[in-house]
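Worksheet for the structure shown next.
Every number here is computed from the coordinates shown, using simple stated rules; none is lab data. Treat the numbers as computed from the prediction; the structure is a model and nothing was measured.
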Amino acid sequence: MKASQAMTHSGALLKFQVGQAVLRTLTFLMVVGAISASDQVQAQRSKIDAFLQQWDADHDGILSLDEIKKAASARFEELDRKHRGTLTRNQLAGMVSFQQFRRADSHKSGTVDESEFLSLAEKLFQDADKDHDGTLDGKELGRSAGRALLGLFAIRQGPVI
């Protein structure tokens, strides 16, 4: 074997070994990602189940609009710590987007009162009610529109852009 052929063979072997290492790394990352995604889905399911258990007054496994409005009213009271009767954009940061806040602020006052907050909750409820039966089950709450509704009840995590 000539020196140039040996170098070519050696280079091909090195490329193969690097490719194998990259493949092993990618496989590892995919497995870790799948486990992480599974953990996130399980955590989300737990939050949905806890929310259902807390607000499902008649214990039928689904939430009606009235049950959501009771939850939203309680959430409004919780957020309105100074009892001003309104919530600012900062108080709702991380729970609603800027666009949602603007749409909810029907009086264009720069704040949302309880009536506007309940209207927002109702709109999000209707968006999440994909089968239009007037109730939300765990599956509907797990979809993106349901998660947007649950965002009203989330622990504050910062602004939603």
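Things to note:
- Here the Debye sum runs over all C-alpha atoms of segment 82-161 as equal scatterers in vacuum, and log10 of I(q)/I(0) at q = 0.11, 0.12, 0.24 Å⁻¹ comes out as -0.29, -0.34, -1.14.
- Under-5 Å amide H pairs with Leu87, H placed in peptide plane, nonlocal only: Val112, Asp113
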